[in-house]
Amino acid sequence: MDGATPTPTRDLGESAYARIRAAIRDGGLAPGERLTETDLAARFGVSRTPVRQAIARLEAEGLLTHEARRGLAVTRPDHQQVVELYVMREVLEGAAARLAAQHASETEIAAMAEIVEHEPDAFGDARALAAVNQRLHGLLYLAAHNRYLLRSLEQLSATMSLLPTLLTRGGRAEQAHAEHRAMLKAIVKRDGEAAEAAARRHARAAQKHRLAWMVGTLGVPVATPGAAGQG
């Protein structure tokens, strides 16, 4: 039989999913941006069927949302979602740091050390600094050598990408660099407890910086009914 074998719809759906997810992660599709199946199909050069499959997965993961009167849009996390994200980040990255201290290879540790050493070179460039930060955290996730934790961290990382980088604001780059150094030091020493503590402090500091920015930019979130008086 002549001719190429048709690409299964499932494979096209997987490809569309990966490409749309990458566009969200990299900022090509911004939080709050309205989307349609037709526009996405044209943008990524596929039919609407695989795009529909991709949208279903991305909605299930929380990266896309159907908004009242607006239709499908890239999710724009609210205050409570941000709080929940950072709670999970602290737990999961703390576990990753502990496991990395126990299981990371010398090559992985050396690679993390090199990234941390050159991190200050990117302090003045928000995009470059965000990329460095992603590489460091991604390597930490891999160095934990736990496929189930890695899967959870990859999902968390994808959702965190909905938030704009704040690393170049208010001295956060220098602070985060010091926190990275503390975490790496504990991993080099193979001290799992200290590595987890350092990773948790790092996540809490990032959350504090994020929430301060949100309050300053978006204002104090409206209290939910019955929330008054809860301290």
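The values are calculated or read from the model by the stated rules, or taken from the named source; none is laboratory data. A quick note: this is a predicted structure, and the numbers were derived from the prediction, not measured. FYI the Cβ positions are ideal-geometry reconstructions off the backbone, even for glycines, and counts take in every protein chain you see.
Structure above, values below:
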read-out	value
Of all residues making up segment 151-167, the number that are surrounded by fewer than 17 Cβ atoms within 10 Å (Cβ to Cβ) and either of a type in the set (A, V, I, L, M) or touching a Pro at 6+ places or on another chain (Cβ under 9 Å) (or both)	1
Enumeration of residues in segment 137-149 that are in contact (Cβ under 8 Å) with a residue 12 or more places away in the chain and surrounded by fewer than 20 Cβ atoms within 10 Å (Cβ to Cβ)	G138, L139, L142, H145, N146, L149
A100 under 29 Å from T168 (Cβ atoms) and not assigned by TED's automatic domain parsing to the domain that holds G170	no
In segment 102-111, the residues that are in a helix (DSSP H, G or I) and either at positive phi or touching a residue at least 40 places away in the same chain (Cβ under 8 Å) (or both)	Q102, H103, I109
Some residue of segment 48-59 being touching a Lys or Arg at 6+ places or on another chain (Cβ under 7 Å), among the small types (G, A, S) and surrounded by 12 or more Cβ atoms within 10 Å (Cβ to Cβ)	no
Single match in R52, R19, R89 (criterion: in the same structural domain as P164 (by TED's automatic domain parsing), of a type in the set (D, E, K, R) and under 24 Å from the mean Cα position of the chain (by Cα))	R89
Residues satisfying the stated conditions in segment 186-202, i.e. in contact with a Gly (Cβ under 7 Å, 6 or more places away or on another chain) and small (G, A, S)	A199
Test for A42: is it over 19 Å from the mean Cα position of the chain (by Cα), over 13 Å from L72 (Cβ atoms) and modelled with pLDDT of 90 or more	yes
Filter result (in contact (Cβ under 8 Å) with a residue 40 or more places away in the chain and either on the phi > 0 side of the Ramachandran plot or not assigned by TED's automatic domain parsing to the domain that holds L139 (or both)) within segment 171-208	R190
Number of the condition not met by P31 [criteria: (1) buried (at least 19 other Cβ atoms within 10 Å of the Cβ); (2) under 18 Å from Q155 (Cβ atoms); (3) not acidic (D, E)]	(1)
Output for segment 38-47, where each listed residue is surrounded by fewer than 15 Cβ atoms within 10 Å (Cβ to Cβ) and not in a helix (DSSP H, G or I)	G45, S47
